[in-house]
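The values are calculated or read from the model by the stated rules, or taken from the named source; none is laboratory data. Model, not experiment: these values are computed from the prediction. Please note: Cβ atoms are built from the backbone with ideal geometry, for glycine as well, and neighbour counts cover all protein chains shown.
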């Protein structure tokens, strides 16, 4: 199908599509939309950045009856950020329709959500925990729901939401259309589909995973201890308009923000320890280019869609191909040019090459200074005696300056080797105990 007009959609839906500059359906949209419009249950296996959100939102809007006040569709997502992003997409696509959508997730005032639910809401988008909270309070009812969507189902179950998802399914209308979208289909997802879906049609995109053709990908092999200095230099050389820098842990994100700010680079952190209100404030400021560099973990960046991101930096290596594609997919969107740069330690180069081979086009290896190393290149001539003396003098001056600087500063107490690791392990152990305690309290409350 070369055009959205071939789906015979309502004029209002087509107008919303046109406003967003969607010209022709992506492969996942082309395959799934006709099946969903026929009322069939569908499992769509597709990576991020393939247009899967519009693949279920477009037929959902076609199905909604605006004159009825009941909740007719539910979209469940693993993270708050993705829930917010999908809500924004639905709002944009339904601009010319009298349809109300509400996002339900943690970090928001639940009483305000309850107040909104008393009005006319057609579509609910939310995380399993908050949706279940409203169901138990009896402030949310899905007795007349027509469509239920699980987006990023594999991530949802991976994060431990299986019981919550099952309970939500049980509390919704028995006769409903179920759509499941996932990057991978592990056993847990298959079992869930078998239990709650009616002869689902399975749509898989080609196994070869690609990033946008408009994104230029490259990487540098850098020692871990040198990564921050190299990142600062690359930022100053490339001068991004807006950039996202990915790190694997909250601690690394905070440390990296501190180091960047010390280098005069305006950067802010985005990770799971921040309150929802704070995260939304940060994202609003980033969208308005109040600061240019967002340092984030993968989980916080789920659903992150900001116009104008010119660069993505992988400070830490992603764990798999899907995470890499998700990260790189933040730039080069809507036909715009993008740049993705990865910092790879020598030990990680083999892993990165595997990821690179799984991506169409791959990533180009670059070297600091812009020049490529050529093993056949001639070795530089040996320095003359005078030059060697000069270099030694420079080194001596440098050592002397360091010694003077050290004497000028207060002497820092020596830290016993291994102390930091031991302290970090103790903190982690305490956090695990607190989590188990919290889970136990929740379980006891459930079974009272």
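Kindly evaluate residue 179 against the criterion of being within 24 Å of the chain's Cα centre (by Cα), within 27 Å of residue 332 (Cα to Cα) and either in contact (Cβ under 8 Å) with a residue 24 or more places away in the chain or part of a helix (DSSP H, G or I) (or both). Answer is no for this residue. Take the conditions buried (at least 21 other Cβ atoms within 10 Å of the Cβ) and either free of Cβ contacts under 8 Å to residues at least 60 places away in the same chain or within 16 Å of the chain's Cα centre (by Cα) (or both) and apply them to residue 219. Does it pass? Criteria not met by residue 219. Looking across segment 47-63, the residues that are in contact with a strand residue (DSSP E or B) (Cβ under 9 Å, 6 or more places away or on another chain) and at pLDDT 80 or above come down to 52, 53, 55, 56, 57, 59, 60, 61, 63. Return yes or no: is residue 25 in a loop (DSSP other than H, G, I, E, B), touching a helix residue (DSSP H, G or I) at 6+ places or on another chain (Cβ under 8 Å), within 30 Å of residue 160 (Cβ to Cβ) and in the same structural domain as residue 124 (by TED's automatic domain parsing)? Taking the combined requirement at face value, the residue does not satisfy it. Inclusion of residue 243 among residues that are touching a strand residue (DSSP E or B) at 6+ places or on another chain (Cβ under 7 Å) and modelled with pLDDT under 90 is not warranted. Got at least one residue in segment 204-214 being over 25 Å from the mean Cα position of the chain (by Cα) and exposed (fewer than 13 other Cβ atoms within 10 Å of the Cβ)? No: segment 204-214 contains no residue that is over 25 Å from the mean Cα position of the chain (by Cα) and exposed (fewer than 13 other Cβ atoms within 10 Å of the Cβ). Looking only at residues of segment 170-184 that are surrounded by fewer than 19 Cβ atoms within 10 Å (Cβ to Cβ) and touching a helix residue (DSSP H, G or I) at 6+ places or on another chain (Cβ under 7 Å), we find that the one that is modelled with the lowest pLDDT is 184.
Test residue 144 against the criterion of being part of a loop (DSSP other than H, G, I, E, B) and out of contact with any helix residue (DSSP H, G or I) (no Cβ under 9 Å at 6 or more places or on another chain), and give yes or no. For residue 144, the condition - part of a loop (DSSP other than H, G, I, E, B) and out of contact with any helix residue (DSSP H, G or I) (no Cβ under 9 Å at 6 or more places or on another chain) - is met.
Taking the condition modelled with pLDDT of 80 or more, assigned to a helix (DSSP H, G or I) and loosely packed, with under 15 Cβ neighbours inside 10 Å, does residue 347 pass? Considered against the rule, which asks whether it is modelled with pLDDT of 80 or more, assigned to a helix (DSSP H, G or I) and loosely packed, with under 15 Cβ neighbours inside 10 Å, residue 347 comes out as yes. Candidates in segment 147-163 are the residues that are more than 21 Å from residue 298 (Cβ to Cβ) and buried (at least 19 other Cβ atoms within 10 Å of the Cβ); of these, the one that is farthest from the chain's Cα centre (by Cα) is 147.
Considering every residue within segment 103-112, establish whether at least one is surrounded by fewer than 22 Cβ atoms within 10 Å (Cβ to Cβ) and in contact with a strand residue (DSSP E or B) (Cβ under 7 Å, 6 or more places away or on another chain). So far as segment 103-112 goes, no, none of its residues is surrounded by fewer than 22 Cβ atoms within 10 Å (Cβ to Cβ) and in contact with a strand residue (DSSP E or B) (Cβ under 7 Å, 6 or more places away or on another chain). Against the test of being within 25 Å of the chain's Cα centre (by Cα) and outside any helix (DSSP H, G or I), the options 107, 129 yield a single qualifying residue, 107. Taking the listed residues 60, 111, the one that is over 28 Å from residue 298 (Cα atoms) and without any contact (Cβ under 8 Å) to a residue 12 or more places away in the chain is 111, with no other qualifying. Screening residue 81 with (1) in contact (Cβ under 8 Å) with a residue 40 or more places away in the chain; (2) exposed (fewer than 14 other Cβ atoms within 10 Å of the Cβ) gives one miss only, at (2). When 36, 71 are checked against the criterion of being crowded, with 17+ Cβ neighbours inside 10 Å, at pLDDT 90 or above, in a loop (DSSP other than H, G, I, E, B) and more than 25 Å from the chain's Cα centre (by Cα), a single residue qualifies: 71. When the residues of segment 205-222 are filtered to those that are over 16 Å from residue 312 (Cβ atoms), outside any strand (DSSP E or B) and in contact with a helix residue (DSSP H, G or I) (Cβ under 7 Å, 6 or more places away or on another chain), the one that is modelled with the lowest pLDDT is 205.
Condition check: surrounded by fewer than 23 Cβ atoms within 10 Å (Cβ to Cβ), at pLDDT below 90 and either in a helix (DSSP H, G or I) or not assigned by TED's automatic domain parsing to the domain that holds residue 173 (or both). Does residue 91 satisfy that? When the stated conditions are applied, residue 91 does not pass them.
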